[in-house]
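Structure first, commentary second.
The values are calculated or read from the model by the stated rules, or taken from the named source; none is laboratory data. Every value quoted in this text rests on a predicted model; they were computed, and no experiment measured them. Counting neighbours? That spans all protein chains shown, and the Cβs are built from the backbone with ideal geometry, glycine included. When the accessible area is computed, the model is the full protein with side chains, heavy atoms only, and any ligands, DNA or RNA have been set aside. Shrake-Rupley method; radii C 1.70, N 1.55, O 1.52, S 1.80 Å.
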Amino acid sequence: NTTSSGIKITKNCQAPVSTLTDGSTITVDFAVAPHFTVTLGGNRTFGDPSNLSLSVGSSGSIFIVQDGTGSRTASFHSDYKFAGGTAPTLSTAANAVDRIDYVIKDSSTVHCAVSLDVK
């Protein structure tokens with residue numbers, strides 16, 4: 001429902017979880033969905049994200065899953081900003097799941113908060 005102050009949601013609100021393509025560089029297109037998942041098959045780089053300017057103000061999550069081997073690492077493009085200015089060291093156990101929650105601040109800044117080894 002729309003109200004004089006915005007939108008009122010009285011029930012559940014759902015959004016898709018888009019599967020990212022695993023590869024040496026993983027590119028998140030923030031215009032596709034608010035939530036993403038990827039299973040790492042090797043050491044990876046989260047590259048320059050797509051469509052930040054179209055997605056300013058949006059938020060969501062990226063689920064990063066270790067494959068059955070584990071010990072996969074990830075680095076992040078400079079648009080991804082983490083507390084203290086340092087990207088996280090991911091969980092390394094086989095099948096471990098880490099979650100990055102994000103808010104797109106502007107056309108070149110993705111503010112990120114990390115939850116490691118979510119069980």
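Numbers at a glance
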read-out	value
In Hz, Karplus ³J(HN,Hα) per residue of the stretch 30-36 (6.51, -1.76, 1.60; θ = phi - 60°; x = Gly, Pro)	6, 7, 7, 6, x, 10, 9
Efficiency of FRET from Cβ geometry, Ser5 and Ser58, R₀ 25 Å, rounded to 0.05	0.80
Other-chain or far-sequence residues with amide H under 5 Å of Ala74's (modelled H)	Arg44, Leu90
Relative contact order [Cα under 8 Å, 6+ residues apart], the chain, whole percent	21
Per residue value of the accessible surface for the stretch 1-103 (all protein chains in place, 1.4 Å probe), Å²	56
Karplus (6.51, -1.76, 1.60) ³J(HN,Hα), θ = phi - 60°, over the stretch 85-95, in Hz, Gly and Pro reported as x	x, 10, 5, x, 8, 5, 4, 10, 5, 3, 6
Thr21-Ser50 pseudo-label distance in nm [points 7 Å out on the Cα-to-Cβ vector]	0.8
Of all accessible heavy-atom area on the chain, the percent that carbon and sulfur account for (1.4 Å)	49
Ratio Rg/Rh, restricted to the chain and using Cα atoms, in which Rh is the Kirkwood radius	1.01
Cα pair distances exceeding 14 angstrom across the stretch 70-111, given as percent	53
Beta bridge orientation in the chain: antiparallel %, DSSP, nearest 5	45
Hz values of 3J(HN,Hα) by residue in the stretch 63-72 - Karplus curve (6.51, -1.76, 1.60), Gly and Pro given as x	8, 10, 10, 6, 6, x, 8, x, 6, 7
Choice from Pro16, Pro49, Pro88 with maximal GNM fluctuation in the chain (Cα, 10 Å cutoff)	Pro16
For Asp117, residues with placed amide H under 5 Å, excluding near neighbours	Ser91, Val97, Asp98, Arg99
Sequence-distant residues sharing a close amide H with Thr27 (under 5 Å, placed H)	Gly47
